[in-house]
Amino acid sequence: MRPTTPRGLALAVLLEVDRGGRAQLLLDRVLDRSDLPERDKAYVTHLVYGVLRRLRLLDFLLEPHLRAPDRLPKEVLWILRLGALEWLLGKEDHARVSPWVEEAKARHPALSGLVNAVLRRLKPREAPECVRLSLPDWLCQAWRGFFGEVSFAEGFNEPAPLFVTAYRPVDLRPGPIPGSYIWEGPKEDFSRLGLQPQNPASLFAAKLLEPKPGERVLDLCGGAGLKAFYLASRGAEVVSYDLNPRRQKAGAKTARRLGLKVTYRTQDLREPLKEKAKKVLLDAPCTGTGTFRAHPELRYRLKPEDPKAMARLQLELLETAAGATEEGGVLVYAVCSLTEEEGKGVARAFLERHPEFRLEAFSCPLSVLKADLGVYVAPREGLDGFYYLRLRKVDSKA
Ligand SMILES: C[S@@+](CC[C@H](N)C(=O)[O-])C[C@H]1O[C@@H](n2cnc3c(N)ncnc32)[C@H](O)[C@@H]1O
C-alpha cells in the first residue's frame, strides 16, 4: 500500500534515498502525485530535508540508546531519526512521540515499544563540530585546513528561499543580485511566467562573462542551459555544448517557452571544439560540495578521492575551453563546489601550463568565503557554494 500521510510519505522517500535515490527528484515526484494540502507537503519536505541535513548528528544523539542500530530494520531506524529530528527542533513530546510510534506499529509492531522508549529518552549531547554539521570527517577536516574554519557549513542546514531568474518584468521580492528574485508561492509552471528557478550563485557565473548584444558566446557543459538563458537574454548569440542530449532537449524546450534563442550542440568536450568565440563559459561537472543544501544526501556518498579525480576531468575540459577562446577573449570557469582541488587547484595547474592566460580580478556581490586565484562563495542565506575564475587570453603565442 502506498503511504498517503505526510509522515508515511517522508519515510518512503527516505527509504528510497537510503537505496541510492536522490532526495530532490524523489520528493518532487511524490509531492506532484499527492493530493495533500500545501501545508502537509511542506511538512514532508521539512522532514526529509531536515533528517538528511542532520543525519550524522541525529545518529550521534540516538547512539547511547541503541545497542545495534545496524541490525534494526531500515524503516525503524529512519522512524527513529525522524522522531529525533522533531525532538532536536523542540517539538513537544505529546505531538512528536506517538505519531512515530504509530508509524512503527504499522510496520514493525514488535519494535514500537523500543521507538517509544528511545524517543522519550533522548537527551542533549555535546557533539564535535563535524558531527554537529553532519559532514564526513574527511571533508570537514579538508575544509578546516583550506578555509581556516568550517562554520560556513551551517548554511547548508538552513532552509533557503526558492530563487528564480526573471526574463520578464515581475513584481517579486528581489534576490541578492539583479535579475534574481524570491518566489514565495506554491510551485508553478515557471517558464510560462517567464521565470527560471536558479540559485543566484549560478546566475552570477553567467553574469561574470559580461555578454554583449550580438557577441558570440560558447556555453560549455551547458546542460539544460540555465546559464545560456541569461546569456541569450542579454542579446548574445549563444551556442551551448554538452555531452547529454536529453538535458539539452529539455533546455531547448524551456528556451522556447522563455522566448530565448540558444543553439545546442552535443559533444564530448574532452575533444577540441571546431569553433572559437571571444567569450567562453565552462560550468564544469563537479563533486557538488557547494550544493549540500539542495542535495543533502550527497555529502554521505562522496569519497575522499573524488575531488582529485574530478579536478583531472575539469582540467581536461578547461583545455578545450582555452583552445576555443579567441585572443583577447574572456574565459570563465565555474563549479558549484568548494573543494581546494576543483577551484584553486585547477586554476593553479591551468595557469602554470598556460602563460597566454591572465587572471582577471572582479568584484563579487555575494558573500565571499575565500578569494585566492578566483573566488569561493559561501553557502549562506540560501546561496549555493560556488567557485569562479575569470581569465583573459592575452597572447596566444606566449
Ligand atoms: C554543472 S553541470 C552544468 C549545468 C549547466 N551549465 C546549467 O547552468 O544548467 C555540468 C554538465 O557537464 C556535462 N558534462 C560532463 N562531462 C562532460 C563532457 N566530457 N563533455 C561535455 N559535457 C560534459 C554534464 O552533462 C552536465 O550537464
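The values are calculated or read from the model by the stated rules, or taken from the named source; none is laboratory data. Note that the coordinates shown come from a computational prediction; the quantities given were computed from them, not determined experimentally. Quick reminder, even Gly has a Cβ in these numbers, built from the backbone with ideal geometry, and neighbours come from all protein chains shown. Surface accessibility is based on the protein's heavy atoms, side chains included, excluding ligands, DNA and RNA. Shrake-Rupley method; radii C 1.70, N 1.55, O 1.52, S 1.80 Å.
Looking only at the stretch 208-267, residues that are in contact with a Gly (Cβ under 8 Å, 6 or more places away or on another chain), among the aliphatic types (A, V, I, L, M) and assigned to a loop (DSSP other than H, G, I, E, B) come to 2 in all. Scanning the stretch 155-166 for residues that are in contact (Cβ under 8 Å) with a residue 60 or more places away in the chain and either out of contact with any helix residue (DSSP H, G or I) (no Cβ under 6 Å at 6 or more places or on another chain) or in a strand (DSSP E or B) (or both) turns up Gly155, Phe156, Glu158, Pro159, Ala160, Pro161, Phe163, Thr165.
Does the stretch 285-299 include one or more residues that are within 12 Å of the ligand (Cβ to nearest atom), buried (at least 22 other Cβ atoms within 10 Å of the Cβ) and either over 19 Å from the mean Cα position of the chain (by Cα) or of a type in the set (Lys, Arg) (or both)? No, because not a single residue in the stretch 285-299 is within 12 Å of the ligand (Cβ to nearest atom), buried (at least 22 other Cβ atoms within 10 Å of the Cβ) and either over 19 Å from the mean Cα position of the chain (by Cα) or of a type in the set (Lys, Arg) (or both). Apart from one condition, Gly259 fits all of (1) surrounded by 15 or more Cβ atoms within 10 Å (Cβ to Cβ); (2) away from the ligand (no atom under 13 Å from the Cβ); (3) closer than 29 Å to Ala160 by Cα; the exception is (1). Report yes if some residue within the stretch 160-169 is modelled with pLDDT of 95 or more and within 11 Å of the ligand (Cβ to nearest atom); otherwise report no. Checked against the condition, which is being modelled with pLDDT of 95 or more and within 11 Å of the ligand (Cβ to nearest atom), the stretch 160-169 yields at least one hit. The number of residues in the stretch 202-249 that are within 8 Å of the ligand (Cβ to nearest atom) and aromatic (Phe, Trp, Tyr) comes to 1. Scanning the stretch 128-144 for residues that are outside any loop (DSSP other than H, G, I, E, B) and in contact (Cβ under 8 Å) with a residue 12 or more places away in the chain gives Glu129, Cys130, Val131, Arg132, Trp138, Leu139, Cys140, Ala142, Trp143.
Considering the conditions (1) within 15 Å of the ligand (Cβ to nearest atom); (2) surrounded by fewer than 21 Cβ atoms within 10 Å (Cβ to Cβ); (3) of a type in the set (Phe, Trp, Tyr), Trp183 is excluded by exactly one of them, (1).
Before we move on, is Arg54 under 21 Å from the mean Cα position of the chain (by Cα), open to solvent by 60 Å² or more (accessible area, probe 1.4 Å) and closer than 18 Å to Pro296 by Cα? No, not satisfied.
When the stretch 298-329 is filtered for residues that are in a strand (DSSP E or B) and among the small types (Gly, Ala, Ser), the ones remaining, listed by number, are Gly328, Gly329.
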